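A quick write-up on the structure given underneath.
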Amino acid sequence: MSESTNLKKKAGTKLKIIDSFIRLLGTKRFDKITVRELCEEAEIVRSTFYTHYQSVYDLIEEMENDLLDELAYFISEEDLANSHALRYTGPERHETIFSVPLDSTFRFFQAIDRNKKSLIALLSENGDPYFEIRLKKQLERDINLMMDTEGIPNDMLRPYFSEVMVSLQLNLLKYWIQAENRADIEYICQISNVIRAGSIFINFSKPE
C-alpha cells in the first residue's frame, strides 16, 4: 500500500469514527459514550480506535480544536484595505459599511456551514458544555481584533459593542444551523454585519 493510499485510509477511518460519535451524541451525553459503543457504531475493532485516539475525551478534544481553528477569523488584505480607507474617509462610507460585510464574515459562516453537523452535535444538550464557552471566548478575541482593525477605540463603549456582537454571532450561528428553512449565507452575513456597522456608525457619531 502506498503512503498516500495509507493516509487516505487513515483519514477515512477517523471520519468514520467522528461520524459515529456525532450520531451517538443524538441520543447520549458525550461523557457517557464508551469506546465499545463507538467501535460498534463505526464497525471497527478497539485497536483501530486506539490507533487514532487515546480515549473518547481525546476524540472530542481534537474535534473541538479542529473546529475552533477553522472558525477563527482571518482578516484578509481586502478587509485591511477597506478598514484603513474607513479611518480616513469617515461617515460618508456608512452606506457601504452597512451593505458590504467583511470577507472574514463570509469565511466564518462558510466554515459554519461546512461543519454544521459537528456543531449541532457539540452545541446540543448532549455535547460538551465547555465547547460553547471556548467558542464564545474565541469570538470575543476575534471580534475585538476586527474592531481594532476597524479603528474602533478601546474605550468605555467597547465592552458593550463586543458583548452584543459576540452574543449575536453565537446565537445567529446556533439558530441558522438548526433552522428548518435556512436563509442563504449572503443574508446571514448581512444580518451579522448590521451590528458591526452600527458600532462604527455610533463611534463616528460620538461628540468630540
> Can you tell me which of Asp113, Asp128 is closer than 30 Å to Phe21 by Cβ, among the acidic types (Asp, Glu) and touching a Phe, Trp or Tyr at 6+ places or on another chain (Cβ under 6 Å)?
Replying inline: Asp128
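Looking at region 124-132, is at least one residue at pLDDT below 90 and buried (at least 19 other Cβ atoms within 10 Å of the Cβ)?
No: region 124-132 contains no residue that is at pLDDT below 90 and buried (at least 19 other Cβ atoms within 10 Å of the Cβ).
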> Inside region 141-153, can you point out the residues that are more than 19 Å from Ala197 (Cβ to Cβ) and either of a type in the set (S, T, N, Q) or surrounded by 15 or more Cβ atoms within 10 Å (Cβ to Cβ) (or both)?
Replying inline: none
> Pairs under 8 Å by beta carbon, first residue touching a residue at least 60 places away in the same chain (Cβ under 8 Å) in region 140-155, partner assigned to a loop (DSSP other than H, G, I, E, B) and not aromatic (Phe, Trp, Tyr), six or more apart or different chains?
Replying inline: Asp142/Ala72; Leu145/Ile75; Met146/Ile75; Met146/Leu102; Thr149/Ile75
>> I need every pair where a residue in region 156-173 that is of a type in the set (Val, Ile, Thr) has its Cβ under 8 Å from the Cβ of a residue that is at pLDDT 90 or above, sequence separation at least 6 or different chains.
In response: Val166/Lys136; Val166/Leu139; Val166/Glu140
>> Condition first: modelled with pLDDT of 85 or more and in the same structural domain as Phe108 (by TED's automatic domain parsing). Can you find one or more residues in region 191-202 that meet it?
In response: yes
> In region 9-61, what residues are surrounded by fewer than 17 Cβ atoms within 10 Å (Cβ to Cβ) and small (Gly, Ala, Ser)?
Replying inline: Ala11, Gly12, Gly26, Ser47, Ser55
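The values are calculated or read from the model by the stated rules, or taken from the named source; none is laboratory data. As the structure is a prediction and not an experimental result, all values here were calculated from the model. Neighbour counts are summed over all protein chains in view; Cβ atoms, including those assigned to glycine, are modelled from backbone coordinates with ideal geometry.
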